[in-house]
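The values are calculated or read from the model by the stated rules, or taken from the named source; none is laboratory data. Since the model is a prediction, treat every value here as computed from it, not as a measurement. Neighbour counts run over all protein chains shown; Cβ positions are idealised from the backbone, glycine included.
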Amino acid sequence: MAEEHNIVTPFRYENCEGATINLTLDSKIKKCISKTPITLGNEEKESDYEVIDINETSFSLKPKESVIVKAVEYFNIPSNMVGLIFERYSIKLTGLSVSPASYMNPGYQGTLSFIVVNNSSRKIRLIAGVSFCQLALSPLDYPADTPYNKQDARYLGARDVSISKLHLDREIQGFLVSRGVSSVSDETAGELGKHLMKMIDNSADRIVEELKKKFGDPK
C-alpha cells in the first residue's frame, strides 16, 4: 500500500517491519547555536541554528544535548489516513530519544523533522542512513473534512530540516496584531498567556450557551 500510493518515497521493502516502516536518518542536521532563552510564541530564526552535514563532518551528541534532524523519506499521507511515528527499540536502548509524539495529519506532504536527545551518559555519534524511528499508518473511517493540504499548512512540502513555526498560530498572530507588535517580548509574554486563556474561556462559554439553546437550561 505504501509503495502503490507513493505514501513513502523512497520505499524500500527491507525497511518494512510487519506493521511499521523504518525511517532513515538524513545527513543534514540543525544544531542551535543561540544562547537566548526560548519564549513560546516567539519566532525561531534560522540564524539561531547551524546546519551540519554529518556525512562531511563527524558529529557526536553530548549527554543531554539535542539537535533537529529529519528523515530521508518524503511522505504523502492520504486524506483517509494518519501517520504515527514511534521510536525504534534498538535506538532507544542506546539512550537516543527521538520525538516520541510525532504525528502526520491526513493530507500531509513533505519530509518530517524530529528532535533527538542524548539521554545516555556517553556521547552518541550520529550516522546518516541508520534506521532511527518507524512509521505506522492508521486508516480513518472517513476522509478528513479538512486535510492538512487544505489548511494553512506551514510545513507542507517541507524538504529541509524544519525549525518551529509556532509563532504562526492564528491565536498568537491575532494577539500580535491587536497589540501592534511583531514579536513576543518578556513584557508581552504574560499578556499573551492571559489572551490565550481568555480565548479558551470564551470558547467554553459559547459552547455552554449553544448547549442551553439545544437542550434547555438545567437550572
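What to note about this one:
- Residue check, residue 161 in contact with a helix residue (DSSP H, G or I) (Cβ under 7 Å, 6 or more places away or on another chain) and either surrounded by 13 or more Cβ atoms within 10 Å (Cβ to Cβ) or part of a strand (DSSP E or B) (or both): no
- Residue match in the stretch 167-182 (condition: at pLDDT below 90 and either among the basic types (Lys, Arg) or over 30 Å from residue 9 (Cα atoms) (or both)): no
- Selection within the stretch 42-58: residues that are acidic (Asp, Glu) and assigned to a helix (DSSP H, G or I). The member of this set that is surrounded by the most Cβ atoms within 10 Å (Cβ to Cβ) is 48.
- Of the criteria (1) more than 26 Å from residue 20 (Cα to Cα); (2) under 24 Å from the mean Cα position of the chain (by Cα), which one residue 207 fails: (2)
- Residue 191 vs. criteria surrounded by 10 or more Cβ atoms within 10 Å (Cβ to Cβ) and outside the structural domain of residue 39 (by TED's automatic domain parsing): yes
- Test: residue 182 is of a type in the set (Ser, Thr, Tyr), under 22 Å from the mean Cα position of the chain (by Cα) and under 30 Å from residue 112 (Cβ atoms): no
- Considering the stretch 164-188, the residues that are over 30 Å from residue 74 (Cα atoms) and among the hydroxyl-bearing types (Ser, Thr, Tyr) include one that is surrounded by the most Cβ atoms within 10 Å (Cβ to Cβ), namely 188.
- Scan of the stretch 13-50 for residues that are closer than 17 Å to residue 83 by Cβ and free of Cβ contacts under 8 Å to residues at least 40 places away in the same chain, ordered by number: 16, 18
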